[in-house]
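Have a look at the structure below, then the notes.
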Amino acid sequence: MLLILLLLFQSCPCFRNKVLFQGEISNDPITFNTNLMGYPDRPGWLRYIQRTPYSDGVLYGSPTVENVGKPTVIEITAYNRRTFETARHNLIINIMSAEDFPLPYQAEFFIRNMNVEEMLASEVLGDFLGAVKNVWQPERLNAINITSALDRGGRVPLPINDMKEGVYVMVGADVPFSSCLREVENPQNQLRCSQEMEPSITCDKKFRTQFHIDWCKISLVDNTKQVSTFQEVIRGEGILPDGGEYKPPSDTLKSRDYYSDFLITLAVPSAVALVLFLILAYIMCCRREGVEKRNMQTPDIQLVHHSAIQKSTKELRDMSKNREIAWPLSTLPVFHPVTGEIVPPLHPDNYDNTSMPLMQTQQNLPHQTQIPQQQSAGKWYS
């Protein structure tokens, strides 16, 4: 049987003499660092927690069978955050086997209103084991493992209403589970747990005064009924045969010349590219039909249309370059409307047509002839 290891560093005299006491007692903030001697971290089965520099540092864990009989040396370094003094102490842990006292029946409880360091306190853990013993009635009952809910994938609780992280406590006994613990496996309670409702457990009132247990997360393990799942590996198509140890090549290998490989790699793509370039040049330069051959194969009416379009396009482009040329003569009057004489263009090249009025009066027309008006035979009065 493997038990929990619990250490409170703040109460260790070795640190009080070196760090805490400087002639008189002081309440300085102190932090601790723990590691396996010769290694940067602790063993995998050992955990450490300290909430604040003013609280105790707790080192706890449950060693495995592989660690039995091997002394474990833990280096503990204390740092005084006010005076910046340090102290180091080596803690030797001797792990002994408990196979002479087997506990085949194991039950794991999840306590919602506790943190791991609170549960590791001797008086709290003793009260919990006493409540379990009162329900289970075993001859021997021991704590096997204590784990924080955060190590099981739980979430950090909100800092409201004094919420706790929760802790898993596994205990072992030498007698089968009591009827009260078996009530969790009832179909009615399993249905209530699936609906996120509290199951009905008769012995819950014996824990409720101090411990709030989540009965839906309880785990009952009977090691007497477990069958060994070890199976001999049968080598088949998916398993490679054992080829022994890897033997690297010796230093007596002959050197290889890669010059010929380089030439082949470079020459073959270059030759293919050159051939493709020559074929493309022949098609583009030596196979051109020419304009004359094209015109000979084109109908005459299509050439006339094409020539007319080109001339019109050229004329429009020339006209767009000079927008102040004279108006076409076809749009100007040729003969005087009264006398019949030839009238020169009204708008010479240098005339600004933008300022010409739309309707000109008789005074504005330079070639306008005055028509005599007939007078009446009456008398004029002054």
Only one of (1) touching a helix residue (DSSP H, G or I) at 6+ places or on another chain (Cβ under 9 Å); (2) surrounded by 15 or more Cβ atoms within 10 Å (Cβ to Cβ); (3) modelled with pLDDT of 90 or more fails for T86. Which number is that? (2)
Residue pairs, Cβ under 8 Å, 6 or more apart or interchain, first in the stretch 183-196 and free of Cβ contacts under 8 Å to residues at least 60 places away in the same chain, second part of a helix (DSSP H, G or I) and surrounded by fewer than 11 Cβ atoms within 10 Å (Cβ to Cβ). List them. E183/T202
Can you run down the residue pairs with Cβ atoms below 9 Å, 6 or more apart or on separate chains, where the first is in the stretch 109-121 and touching a residue at least 12 places away in the same chain (Cβ under 8 Å) and the partner is part of a loop (DSSP other than H, G, I, E, B) and among the aromatic types (F, W, Y)? F109/F211; I111/F211; R112/F211; N113/F211; M114/F211
Determine which member of the set A143, A149 is in contact with a Leu (Cβ under 7 Å, 6 or more places away or on another chain) and over 17 Å from D222 (Cβ atoms). A143
Of the residues that make up the stretch 34-41, is at least one modelled with pLDDT of 50 or more, part of a strand (DSSP E or B) and either under 26 Å from L125 (Cα atoms) or among the polar types (S, T, N, Q) (or both)? yes
Looking at the stretch 62-71, is at least one residue surrounded by fewer than 16 Cβ atoms within 10 Å (Cβ to Cβ) and in contact with a strand residue (DSSP E or B) (Cβ under 9 Å, 6 or more places away or on another chain)? yes
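The values are calculated or read from the model by the stated rules, or taken from the named source; none is laboratory data. This one's a predicted model, so the numbers in the text were calculated from it and none came from an experiment. All Cβ positions, glycine included, derive from the backbone under ideal geometry; neighbour counts span all protein chains shown.
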